[in-house]
Ligand SMILES: Nc1ncnc2c1ncn2[C@@H]1O[C@H](COP(=O)(O)OP(=O)(O)OP(=O)(O)O)[C@@H](O)[C@H]1O
């Protein structure tokens, strides 16, 4: 029970400006263990910026970020990733010519031994590492689509959109993150694919112990189905927080996000 309530992430007064634009304005939020939080808001309201500041791509101009009890506000991207924050991007970043396995392994550089000496002289250990990682990638793919696990060495470019998205999520998960950031996972997918992906996300939370998720998404059906709570941003400011049903009926949110009546 105590584990359930552990605070994984906290933003306190997080602020980021781009020239005269205040992309994040005194943003406060908390995320607990195994929670799925939806981050929503109109275009340009600061959703992706909050991912970029959290993952160390952009520095904060004010406020702080605490992750698993540590102040990570000024940590560089690599250190934030090593601490257990992994993400997917709005636009696909897969290498289409490479195999499913290779694409997933790109996300595993924290845990792979890349040393030349290791690769040249410790062949048995290298083989063991490859076998173990193959098995781990296989297990992850099976959560999403068992058929993918059987074509691990086929190029990603031959797969349909939803399977590519699944591989991007597996690539994030292979690093054993405690926090997964999903930036518009339904982008470019059909309704049916979006519906399948919602169930995948819920399944991932069930199967991977201690994983919390922040979901940026414009598809409100997905937000409603998948999230435990939602946070609404408008011009970089949090204007509402709560269960999707309450947030969707909030007057301020309707005015800002849904365009009023
Ligand atoms: N690198 C940047 N340089 C200048 N301005 C930026 C930069 N990144 C974001 N912004 C600005 O910050 C504000 C927030 O942008 P952000 O991309 O975070 O919004 P968003 O809520 O993710 O939007 P969308 O739903 O369209 O993806 C916008 O006004 C945007 O133009």
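Bear in mind that the values in this text are calculations on the coordinates, not laboratory data. Predicted, not measured: the structure shown is a model, and the values here were computed from it. Don't worry about glycine lacking a Cβ; one is built from the backbone with ideal geometry, like all the others, and counts go over all protein chains shown.
Looking across the range 19-49, the residues that are under 14 Å from residue 181 (Cα atoms) and within 7 Å of the ligand (Cβ to nearest atom) come down to 47, 48, 49.
Scanning the range 176-199 for residues that are more than 16 Å from the ligand (Cβ to nearest atom), surrounded by fewer than 18 Cβ atoms within 10 Å (Cβ to Cβ) and within 16 Å of the chain's Cα centre (by Cα) turns up 176, 199.
Residues that are touching a helix residue (DSSP H, G or I) at 6+ places or on another chain (Cβ under 6 Å), within 16 Å of the ligand (Cβ to nearest atom) and closer than 18 Å to residue 8 by Cβ within the range 211-246 comprise 216, 230, listed in sequence order.
Note on the range 59-68: residues that are in contact with a strand residue (DSSP E or B) (Cβ under 6 Å, 6 or more places away or on another chain) and within 13 Å of the ligand (Cβ to nearest atom) amount to 1.
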